[in-house]
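Enquirer: This is the structure, below, for whatever I ask next.
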Amino acid sequence: MRPESRTGSFKFYYDLLFDYPFGGVEIQNMRTMMDLIREEYGLTPIKSPEELVEWLQQFHTRLADRLHHGQAVLDLVPD
């Protein structure tokens, strides 16, 4: 995407992946999504909203780091 074929900075990717859509209200948003899923599908979560946000943040951190370094990322997608 960039003419000089350099990757973006870690901050560029992390901000797009996690901070912009989730930053500051991630637990509240996760709780809302989990409540919606529970009501709509009758599923009971096995993790708390805080645990899921922590996992999501770690995932986006690893993803942003790999993108910054121009590394493969498809192996990060959980099964």
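The values are calculated or read from the model by the stated rules, or taken from the named source; none is laboratory data. Please read these numbers as outputs of a predicted model, since none were measured by experiment. We work out accessible area using only protein heavy atoms, side chains counted, and drop any ligands, DNA or RNA first. Shrake-Rupley method; radii C 1.70, N 1.55, O 1.52, S 1.80 Å.
Enquirer: From the Cα trace of segment 1-40, what convex hull volume per residue do you get, rounded to a whole Å³?
Expert: Details: hull volume 3.1 nm³, N = 40.
So the per-residue hull volume is 78 Å³.
Enquirer: In addition: Measure nothing fancy, just the Cα-based angle from helix 49-68's long axis to the longest principal axis of the chain, in degrees from 0 to 90, nearest 10.
Expert: So the helix axis and the longest Cα principal axis differ by about 10 degrees.
Enquirer: P(r) tail for the chain, what percent of Cα pairs lie past 15 Å?
Expert: Numbers: 1967 of 3081 pairs.
For the chain, the fraction of Cα-Cα distances above 15 Å is 64 percent.
Enquirer: Quick one: helix 26-41 against the long Cα principal axis of the chain, what's the angle to the nearest 10°, folded into 0 to 90?
Expert: 50
Enquirer: Next question. From the helices alone, meaning DSSP H stretches of at least four residues, give me the mean residue ellipticity at 222 nm for the chain, per-run term -39500 (n - 2.57), in deg cm²/dmol to the nearest 500. Before the final figure, lay out each step's value.
Expert: Working: 3 runs with 41 residues, N = 79.
So the helix-based figure for the chain works out to -16500 deg cm²/dmol.
Enquirer: Still on this structure, I have one more. What does the accessible area per residue of segment 1-46 come to in Å², with a 1.4 Å probe and no ligands, DNA or RNA counted?
Expert: For segment 1-46, the solvent-accessible area averages 85 Å² per residue.
Enquirer: With a 1.4 Å probe and every protein chain kept in, tell me what percent of the accessible surface of the chain is carbon plus sulfur. Present the calculation step by step, with values, prior to reporting the outcome.
Expert: Details: 3590 of 6170 Å².
In the chain, the share of accessible area belonging to carbon and sulfur is 58 percent.
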